[in-house]
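Everything on this sheet refers to the single structure shown next.
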Amino acid sequence: MTTFLLIVNRCERFDGGFDSAITMARRRLEAGKWALYANTPHKAEMKAGDRVLVYLAGAEKEAKHFVAAATIAGIDASARACQAYKADGPDALAEPPVAVLSLTDARWLSAPVPVGSVKDKLDFVPKGTNKWGCVLQRGAKRIGEPDAERILGWRP
């Protein structure tokens, strides 16, 4: 089993407004679907049975937190699945996905895990720098099992 971070940011709507990262994560997890885009890294590595953790990116008050976990049930890169993807909402201004993850066993963490509280213990975050945000960009990141367990086991 491999673990990936699914990184979500706010999404612009057709009316010029925005839906927050937490709203986007909630919609996707409730639908059990998560879009992968042309520039999403690691999409070719993802497979059924892999674990995903959800990270809220951005500058909103809920951002910079790990909030949920799920298991990949499957990946569908068919044109039909990509055209049918609606988990982001009817007004989302987004490019069409190139693949759609089906998720199962989605659960919200008992408490959001602030990245600032665990970043110094995570192997994928550079040590001795305040510029850690760049490693949590671009939609997905593969992480090691020790880091996944540190995130999931975090207690305030």
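Let's see how each residue does on (1) under 19 Å from MET1 (Cα atoms); (2) modelled with pLDDT of 95 or more:
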| position | (1), (2) |
| --- | --- |
| ALA38 | no, no |
| PRO41 | yes, no |
| ALA48 | yes, yes |
| ALA59 | no, no |
| ILE72 | yes, yes |
| SER78 | no, yes |
| PHE124 | yes, no |
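Do we have ASP88 as surrounded by 18 or more Cβ atoms within 10 Å (Cβ to Cβ) and either among the β-branched types (Val, Ile, Thr) or on the phi < 0 side of the Ramachandran plot (or both) here?
Numbers: surrounded by 18 or more Cβ atoms within 10 Å (Cβ to Cβ): yes; either among the β-branched types (Val, Ile, Thr) or on the phi < 0 side of the Ramachandran plot (or both): yes.
The answer is yes for ASP88.
Scan the stretch 103-122 for residues that are buried (at least 16 other Cβ atoms within 10 Å of the Cβ) and either touching a strand residue (DSSP E or B) at 6+ places or on another chain (Cβ under 9 Å) or modelled with pLDDT under 85 (or both) and report the count.
So the answer is 8.
Do the conditions hold for LYS47, that is, is it of a type in the set (Lys, Arg), touching a residue at least 12 places away in the same chain (Cβ under 8 Å) and closer than 20 Å to GLY89 by Cβ?
Details: of a type in the set (Lys, Arg): yes; touching a residue at least 12 places away in the same chain (Cβ under 8 Å): yes; closer than 20 Å to GLY89 by Cβ: no.
No, not satisfied.
The values are calculated or read from the model by the stated rules, or taken from the named source; none is laboratory data. Since the structure is predicted, the reported quantities are computational estimates derived from the model, not experimental observations. Heads up, the Cβs are rebuilt from the backbone with ideal geometry, glycines too, and the neighbour counts pull from every protein chain shown.
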